[in-house]
1. Around Y190, which amide H atoms from residues at least 5 apart in sequence, or from another chain, sit under 5 Å from its own amide H, with H modelled in the peptide plane?
2. For an R0 of 25 angstrom, estimate the FRET efficiency from the Cβ-Cβ distance between D100 and I50 and round to the nearest 0.05.
3. Quote the FRET efficiency, to the nearest 0.05, computed for V155 versus V134 with a Förster distance R0 of 22 Å and r equal to the Cβ-Cβ distance.
4. Can you give me the distance in nm between label points at H114 and T180, each placed 7 Å from the Cα along the Cα-to-Cβ direction?
5. Would you list the P(r) distribution for segment 28-147, with all Cα-Cα distances sorted into 10 Å bins from 0 and each bin expressed as a whole %?
6. Under the 0.36 nm per residue contour assumption, what length would be gained going from the current alpha-carbon distance of V165 and A38 to full extension?
7. Please give me, ordered by residue number, the GluC sites (Glu not before Pro) of segment 117-166 that lie in loop per DSSP and have at most 16 other Cβ atoms within 10 Å.
Amino acid sequence: MGMDVSRRGFLKLSGLSIAALATGLGFDLSVAEARGYALKLEGCKKIPSICHFCSGGCGLLLHIKDGKLIHLEGDPDNPTNEGTLCPKAASLQHVAESKDRPMKPMRRAPGSDHWEEISWEEAFDRIAKKIKEVRDASWVREDEIVTQEGEKRKVPANRAEGIAVIGSAEVDNEECYLLTKFSRLIGTPYHEHQARI
Ligand code: SF4
């Protein structure tokens with residue numbers, strides 16, 4: 001009768017069998033692993049970075065060679081994750097190298113069924129014009145309040161209700177400062193962070 005082994009059990013058994021075989025033959029796997037690791041990273045530049053997936057801000061060490069990400073791992077000196085990473089961060093290499101990743105601004109015109117590449121100048125210009133258009137159309141100049149005496153009164157509001165600004169875990173302190181200034185400048189009261197949604 002065959003043995004009933006789950007997928008997880010099979011992987012465990014395979015690992016144990018290989019380790020047992022290697023030990024039986026006199027190999028020290030840790031030496032081979034360390035050598036493989038060193039060979040893989042030979043000539044790489046080590047760059048500390050931050051994972052962008054959630055608000056945890058875990059530290060990464062990126063190993064780059066010829067402009068290509070060869071390997072990434074948790075940064076042991078980062079007090080947040082102390083060298084550990086969750087599976088999302090471990091998949092970052094595929095995000096960085098994905099051929100589906102847009103590297104230039106894209107626009108899908110009204111009624112069109114496809115995206116077209118546009119220049120950064122055109123993208124900035126269109127965004128600026130749209131912000132102005134929406135801000136003007138949704139501007140609330142006054143609010144009506146009821147005073148303690150029961151009297152209705154108009155008070156200045158001056159806010160852009162049609163625009164919201166959202167930050168992300170990838171935004172650093174200085175960028176957060178600028179983003180907050182931008183929100184206040186254009187007058188939107190809706191200023192949020194990705195991690196709170
Ligand atoms: S490694 Fe995981 S927990 Fe840490 S910031 Fe990235 S997604 Fe969040």
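1. Residues meeting the criterion, in which the H sits 1.01 Å from N, are V165.
2. The pair D100/I50 has a calculated efficiency of 0.65.
3. Working: r = 24 Å, r/R0 = 1.07.
FRET efficiency, V155 to V134: 0.40.
4. In this crude label model, H114 to T180 measures out at 4.5 nm.
5. Spelled out per bin, shortest first, that is 10, 23, 23, 20, 14, 7, 2, 1, 0.
6. Values: separation 127, 0.36 × 127 = 45.72 nm, distance 4.44 nm.
Additional length available on full extension: 41.3 nm.
7. Working: sites: E117, E121, E122, E133, E142, E144, E149, E151, E161; in loops: E149, E151, E161.
Qualifying residues, ordered by number: E149, E151, E161.
No value in this document is a laboratory result; all are computed from the given coordinates. What you see is a predicted model; the values in this text were computed from it and never measured. Counting neighbours? That spans all protein chains shown, and the Cβs are built from the backbone with ideal geometry, glycine included.
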